[in-house]
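Notes follow the structure.
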Amino acid sequence: MPDRSSATVLYIGGFGRSGSTLLAYLLGQLDGYVVAGELKYVWQNGVKDNELCGCGVPFSDCPFWQDVGQAAFGGWNEVDVDDVLALQSRVTSARSVLARLAHRKASPDFARLSLLLRLLYQAILDVSGGRVVVDTSKTPVEALMLASSPGIDCRVIHLVRDSRGVAFSWAKTGIRLPQIVNREALMLDYSPLYIAPRWVYGNLFFELLRATTPTARLRYEDLTNAPEEHVERALNNCGILGGGEAVSIPDSRSVELGTLHTLGGNPMRFERGSAPIKRDEAWRRELPRGARRAVTAVTWPLLLGYGYLGPRSGEPARSVSAT
């Protein structure tokens, strides 16, 4: 069970383009879950760059985020954002991360950033009236940071998707970022062979995190096959749900795209209305054969471990493993 004296955070980890926005919308339909998007970007994209919130208005005009800033810091103008960004950069550097993994004493920088994060997450809960903040930042470093921060009870869903589907998604070009309104901006794109080893490293880190942080693994393919069943199982396995609690999703074959106050993430967060839940497997038809073979060669050990290779690779996973 979560520690009710701390700010409870459900961190969606894994590698980008693995379906975290879909999972976030499903979680956003559950009572008490406050989906805030990729909170690692709140200082840069929100406070400094004033990008659009998922509700469709600039960060500085969003009543929710202004109330959060007031509750946490007495207003965002009380935060020296450049100082915080420099602090964030130092704490998430490779050197700092290695120190955390070696369980060395927390540095003053780490303590400062931890306090800012605790105030931020608690303010999100206080303003929303929720009990769990859903952070879809995905990256391992931020997960380690939250898991090590006093006053934050961090639980993790490690969202996994077939590496070939992930690589195909990252190779798409020309996708506009609607949250940036003062200039033309496109989503980043990378070659499949660039993505393949990073998919391995990113997922391996979350496997290591399982040793110290309550973590449940959830495959994107299973999520789209039976959303209610696999969301409930993942929440149980990472310890968010209490005894006897169950998950009820109004419509397990569609998701309601509404107004969530999110930062960062897939452009679909700006869409509205009901959207069918369907597995995106265009990569099986459109990923060039050479790229598919190359990605498979680089990622096959984890593909095998996650059930994407072998005679049963087309079936849903029988269980969601967790610490």
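The values are calculated or read from the model by the stated rules, or taken from the named source; none is laboratory data. The shown structure was predicted, so the numbers you read here are calculated from the model rather than taken from an experiment. So basically every Cβ, Gly included, is an ideal-geometry build from the backbone, and we count neighbours across all protein chains shown.
Scan segment 107-132 residue by residue and report those that are buried (at least 16 other Cβ atoms within 10 Å of the Cβ) and either of a type in the set (S, T, Y) or touching a Lys or Arg at 6+ places or on another chain (Cβ under 9 Å) (or both).
D109, F110, L113, S114, Y121, L125, S128, V132
Suppose the filter is more than 19 Å from the chain's Cα centre (by Cα), assigned to a helix (DSSP H, G or I) and either closer than 27 Å to P301 by Cβ or of a type in the set (G, A, S) (or both); does Y190 pass it?
No; evaluated as a whole, the condition is false for this residue.
Restricting attention to segment 220-240, and to residues there that are outside any helix (DSSP H, G or I) and among the aliphatic types (A, V, I, L, M), which single residue is nearest to R161 (Cα to Cα)?
Here is the first cut: in segment 220-240, the ones outside any helix (DSSP H, G or I) are 226, 238-240.
Subset that is among the aliphatic types (A, V, I, L, M): 226, 240.
Details: A226: 15, I240: 22 Å.
Checking each candidate, the answer is A226.
Quick one: G69 ticks every box in (1) modelled with pLDDT of 95 or more; (2) surrounded by fewer than 20 Cβ atoms within 10 Å (Cβ to Cβ); (3) in a helix (DSSP H, G or I) except a single one, so which number is it?
(2)
The conditions are (1) under 13 Å from L26 (Cα atoms); (2) of a type in the set (D, E, K, R); (3) part of a helix (DSSP H, G or I), and E256 fails exactly one of them. Which is it?
(3)
The rows are residues; the columns are (1) under 20 Å from the mean Cα position of the chain (by Cα); (2) over 24 Å from H158 (Cβ atoms); (3) of a type in the set (S, T, N, Q).
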| residue | (1), (2), (3) |
| --- | --- |
| R219 | yes, no, no |
| C238 | yes, no, no |
| S254 | no, yes, yes |
| R269 | yes, no, no |
| R272 | no, yes, no |
| V295 | no, no, no |
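At pLDDT below 95, out of contact with any His (no Cβ under 7 Å at 6 or more places or on another chain), buried (at least 17 other Cβ atoms within 10 Å of the Cβ) and outside any loop (DSSP other than H, G, I, E, B): does that describe V200? Full working, then the answer.
Details: at pLDDT below 95: no; out of contact with any His (no Cβ under 7 Å at 6 or more places or on another chain): yes; buried (at least 17 other Cβ atoms within 10 Å of the Cβ): yes; outside any loop (DSSP other than H, G, I, E, B): yes.
In short, no.
Restricting attention to segment 282-301, which residues are assigned to a helix (DSSP H, G or I) and either in contact with a Cys (Cβ under 6 Å, 6 or more places away or on another chain) or not aliphatic (A, V, I, L, M) (or both)?
Going through segment 282-301, the residues assigned to a helix (DSSP H, G or I) turn out to be 283-286, 289-301.
Across segment 282-301, the qualifying residues are W283, R284, R285, E286, R289, G290, R292, R293, T296, T299, W300, P301.
Inspect all residues belonging to segment 168-190 and state whether any of them is among the basic types (K, R), without any contact (Cβ under 8 Å) to a residue 40 or more places away in the chain and over 16 Å from S18 (Cβ atoms).
Of all residues in segment 168-190, those among the basic types (K, R) come to 172, 176, 183.
Checking the rest, the ones that are also without any contact (Cβ under 8 Å) to a residue 40 or more places away in the chain come to 172, 183.
Add one more test, that the residue is over 16 Å from S18 (Cβ atoms), and what stays is 183.
Yes: one or more hits.
Kindly provide the set of residues from segment 93-106 that are surrounded by 14 or more Cβ atoms within 10 Å (Cβ to Cβ) and not in a helix (DSSP H, G or I), ordered by number.
A106
Testing R118 on (1) at pLDDT below 95; (2) touching a Gly at 6+ places or on another chain (Cβ under 7 Å), one condition comes back false. Which one is that?
(1)
Restricting to segment 208-224, give me the number of residues that are modelled with pLDDT of 95 or more and surrounded by fewer than 17 Cβ atoms within 10 Å (Cβ to Cβ).
Selection size over segment 208-224: 0.
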